[in-house]
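Each reported figure results from applying straightforward, stated rules to the coordinates on display, with no laboratory input. These numbers were taken from a predicted model, which means no experiment stands behind them. Cβ placement follows ideal geometry from the backbone for every residue including glycine, while neighbour counts extend to all protein chains displayed.
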Amino acid sequence: MKRYLWCDIDSTVNDHWRRIKRNTDGTRIYSSAWSYDEIMKDEPLHHAVKANNLLFEKYNLSFVTARGFDGALRVTQDWLNIHKFKYNNIVIVKNMKEKVEFILDTTCHILIDDMTTGQERCRNNLTFHIEHIARLARKGIRVVWNINWDKILKALI
Ligand SMILES: [Mg+2]
């Protein structure tokens, strides 16, 4: 049986921090950051598509994303499909805490997630959610948070 791998999207397979930078005053994120057209401008990270497609062969791979806005599922599907990501499911949750609850509730062996928020601030001042990683790790879930797709592929294939 294939093991279950869940993968985050924002800043894990895309460059969403660039979109946030275009749509912030440095303290708050404007709602324009979540518009269909803005999200579709995101670019996949280096080798993310290639790695995803190889991992899809080996794992039961699905995406989970904290996108708590109207139309999130449609734009997420369109973006993944246009860039030729392969997946079984897409699950939309409201925020990172809800994502962690979902992962703890579902079948998950590996979570790939940058585990950061705060992209509206400068890039060396992100919030890294180590408490969530610890909680997932205590349940035996392997959290891959250092996003380098060549290295992730080597570690997981
Ligand atoms: Mg993320």
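Each residue in S11, S31 was given a count of other beta-carbon atoms within 10 angstrom of its own, and listing them fewest first yields S31, S11.
For segment 74-157, the extents of the C-alpha atoms along the principal axes are 33, 33, 30 Å, listed from largest to smallest. In this structure the amide hydrogen of N14, modeled in the peptide plane, comes within under 5 Å of the amide hydrogens of L45, none closer than 5 places in sequence on its chain. Converting phi to 3J(HN,Hα) with the Karplus coefficients 6.51, -1.76 and 1.60 and the offset θ = phi - 60°, segment 41-58 yields 7, 4, 10, x, 6, 3, 6, 5, 5, 4, 5, 4, 5, 6, 5, 4, 5, 9 Hz in sequence order, with x at every glycine or proline.
Counting only Cα atoms, I'd like the Rg/Rh figure for segment 4-156, Kirkwood definition for Rh. With Rh from the inverse mean 1/r over Cα pairs, Rg/Rh is 0.93.
Straight-line cross-link partners of K2 among the lysines, defined as a Cα under 17 Å from its Cα and at least 8 positions apart when in the same chain: K58, K86. Residues W34, W6, ranked from the fewest to the most other C-beta atoms within 10 Å, line up as W34, W6. DSSP finds beta bridges in the chain, and of those with both partners inside it, around 20 percent are antiparallel.
The phi-based Karplus calculation (6.51 cos²θ - 1.76 cosθ + 1.60; θ = phi - 60°) puts the 3J(HN,Hα) values of segment 30-36 at 6, 5, 4, 5, 9, 7, 3 Hz, whole numbers, x for Gly and Pro.
Compared with the direct C-alpha span, the chain from A137 to T117 gains 5.3 nm at full extension, assuming 0.36 nm per residue.
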